[in-house]
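Comments concern the structure below.
The values are calculated or read from the model by the stated rules, or taken from the named source; none is laboratory data. On a predicted model such as this, the values are computed, not experimentally measured, just so you know. Note that we place each Cβ from the backbone using ideal geometry, even for glycine, and neighbour counts take in every protein chain shown. Areas reflect the complete protein model, heavy atoms only, side chains present, ligands, DNA and RNA absent. Shrake-Rupley method; radii C 1.70, N 1.55, O 1.52, S 1.80 Å.
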Amino acid sequence: QLVWAKLTSGKDDVLLVTHLGKSVRFSEKEAKSQGRDTIGVHGVKLAKGDFVVGMESFNSEKPVGDILVVSQKGVGKRTAISQFPRQRRGGQGVKAIQITSKTGNLVSALLIEEKAVDQIILNSSQGQVIKLPLSSVPRLSRATQGVILMRFSEPGDKIAAVAKLEKS
């Protein structure tokens, strides 16, 4: 089902990130404009049980910022956009995070520009909320697990949503 849409310039790159930790970056020129009643094109090849958790678009000539990924078990990290290689759309992609039993699957992937964002908010399915300064989220490479951003007070709780707070 369609959950969100974003405006692009026609010259941007698109990054899709999946629940099982895969990512595909491609030029939006590869996704030809189509009519409203058409199916569209594949952006990423999904494994059984996988789905897209994040989509970001950015200037392909001067990509600025990091991709913040957060997993079900409260583990997260930032990774520079430059570490996501440009590919052709429709492939399985490359790792955005190392998925393990410690991390759980991905819940969110957001484009973070350090000049514009200074805090993030994590919400759990049991209603626990935490606000973190962006500086406490380390910048790591793609194929790493990340660090614990949130510890849960209830057993079996997991991350439900992630939001970024713009600088005022």
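Which whole-number percent gives the relative contact order of the chain, counting Cα pairs below 8 Å spaced six or more residues apart? Each step should come with its number before you reach the end.
On the way: 371 pairs, mean separation 42.5, N = 168.
Relative contact order comes out at 25 percent.
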**Request:** At a Cα cut-off below 27 Å, give the lysines reachable from K102, other chains included and same-chain residues fewer than 8 away excluded.
**Result:** K22, K45, K48, K73, K77, K131, K158, K164
**Fill in**
Going residue by residue through the range 138-147, the Karplus relation 6.51 cos²θ - 1.76 cosθ + 1.60 with θ = phi - 60° gives ³J(HN,Hα) values, rounded to whole Hz and with x marking Gly or Pro, of x, 8, 10, 6, 4, 8, 9, 7, x, 10
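Do any trypsin sites (Lys or Arg not before Pro) in the range 31-124 lie in a DSSP loop with no more than 11 other beta carbon atoms within 10 Å, and if so, which? All intermediate terms of the calculation are to be shown ahead of the outcome.
Working: sites: K32, R36, K45, K48, K73, K77, R78, R86, R88, R89, K95, K102, K115; in loops: K32, R36, K45, K48, K73, R88, R89, K102, K115.
When the trypsin sites (Lys or Arg not before Pro) of the range 31-124 are filtered for loop state and at most 11 Cβ neighbours within 10 Å, K32, R36, K48, R88, K115 remain.
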**Prompt:** Non-local amide H neighbours of G74 (under 5 Å, H modeled in plane, Pro and chain starts lacking H): which ones?
**Reply:** I159
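If you average over every viewing direction, what projected area does the convex hull of the Cα atoms of the range 74-168 give, in nm²? Before the final figure, lay out the partial values.
Values: hull surface 27.8 nm².
Computed as one quarter of the Cα hull surface, the answer is 7.0 nm².
Mind checking the per residue accessible area of the range 80-168 for me, 1.4 Å probe, whole number of Å²? Each step should come with its number before you reach the end.
Values: 5030 Å² over 89 residues.
Per-residue value: 57 Å².
Using alpha-carbon pairs under 8 Å, 6+ residues apart, how would you state the relative contact order of the range 99-161 in percent?
Numbers: 58 pairs, mean separation 23.9, N = 63.
Reported as a whole number, the value is 38 percent.
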**Request:** Tell me which label goes with the value of semi-axes √(5λ) of the Cα gyration tensor in Å computed from the coordinates here: [x] 31, 18, 13; [y] 26, 18, 15; [z] 67, 15, 12.
**Result:** [y]
**Complete:** With x for Gly and Pro, the residue-by-residue ³J(HN,Hα) of the range 86-98, computed from phi through the Karplus equation 6.51 cos²θ - 1.76 cosθ + 1.60 at θ = phi - 60° and given in whole Hz, is 6, 10, 8, 5, x, x, 6, x, 10, 5, 9, 7, 7
**Prompt:** What residues have an amide H closer than 5 Å to that of S108, excluding those fewer than 5 places away on the same chain, when H is modeled at 1.01 Å from N in the peptide plane?
**Reply:** V70
